[in-house]
């Protein structure tokens, strides 16, 4: 392990650039690039909180690039978008502020369950296969207000799986195709991440050198990924979305099970050792 870190340090920024470029492609198609970038930053020797802050920094650069690319090619539906951005920002600010006062343990237990449900829905639902828009269940303005506040709050408060939640919300509530949902998710997810990034910056938890290098990788990856989405549409978005969602679900479930197991082992040790 030490040899790996030593070899990595010789080419650290090149390594982070390549990882960020690949993550930028994945993020632009279906989200979930953090599954690559966060472990890469940790492997590079960063503390967990610094890795999270730096990851947000480079992710915002990639999301901005993807959004601008989709906007340039007229893929973004502007109706109600500014309302969604406004309420998402407000929800994210509230979530970021609330995180210091509310215990996240319940959410940490519920999110893996939600991601399992999303994974099952993604694999078996016919709505993710549709290539035409279906009848919306609520108005676009109601959707932007409600989901902006709720999902924005979640993004500011906790964060994992936000992109997947946005995509499923667009499909089930507004009837969009998965390609359209993936595209429309970008400016809203960007808003929540930008608010969260401001919090990390205020606490000094961003490595700007690594973040800028990864940001350049994200720019290249986001342009490539966005053009893949525009050219191939649902054919590419659906399998990538399902794959990323399944990987994220496995990661969250594994972390929760590991945390519970360690907690149980520690409690048993305290009990039988007579230290309680």
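The values are calculated or read from the model by the stated rules, or taken from the named source; none is laboratory data. It should be emphasised that the depicted structure is a prediction, and the values quoted were computed from it without experimental measurement. Positions of Cβ are generated from backbone atoms using ideal geometry, with glycine treated the same way; all protein chains shown enter the neighbour counts.
Just wondering, is there one or more residues in region 228-237 that are part of a helix (DSSP H, G or I), modelled with pLDDT of 80 or more, over 17 Å from the mean Cα position of the chain (by Cα) and farther than 30 Å from residue 78 by Cβ? So far as region 228-237 goes, no, none of its residues is part of a helix (DSSP H, G or I), modelled with pLDDT of 80 or more, over 17 Å from the mean Cα position of the chain (by Cα) and farther than 30 Å from residue 78 by Cβ.
Across region 234-254, the qualifying residues are those that are touching a residue at least 60 places away in the same chain (Cβ under 8 Å) and closer than 13 Å to residue 160 by Cβ, and the one among them that is surrounded by the most Cβ atoms within 10 Å (Cβ to Cβ) is 245. Scanning region 156-173 for residues that are touching a residue at least 40 places away in the same chain (Cβ under 8 Å) and farther than 18 Å from residue 244 by Cα gives 156, 157, 158, 172. Among the residues of region 83-102, at least one is modelled with pLDDT under 90 and farther than 30 Å from residue 141 by Cβ.
State whether one or more residues within region 200-221 are in contact with a helix residue (DSSP H, G or I) (Cβ under 6 Å, 6 or more places away or on another chain) and within 17 Å of residue 89 (Cα to Cα). Taking every residue of region 200-221 in turn, at least one turns out to be in contact with a helix residue (DSSP H, G or I) (Cβ under 6 Å, 6 or more places away or on another chain) and within 17 Å of residue 89 (Cα to Cα). Counted as qualifying within region 12-85 are the helices (runs of 4 or more DSSP H) with 2 or more residues that are free of Cβ contacts under 8 Å to residues at least 12 places away in the same chain and either touching a helix residue (DSSP H, G or I) at 6+ places or on another chain (Cβ under 8 Å) or surrounded by fewer than 20 Cβ atoms within 10 Å (Cβ to Cβ) (or both), namely 34-43, 48-72.
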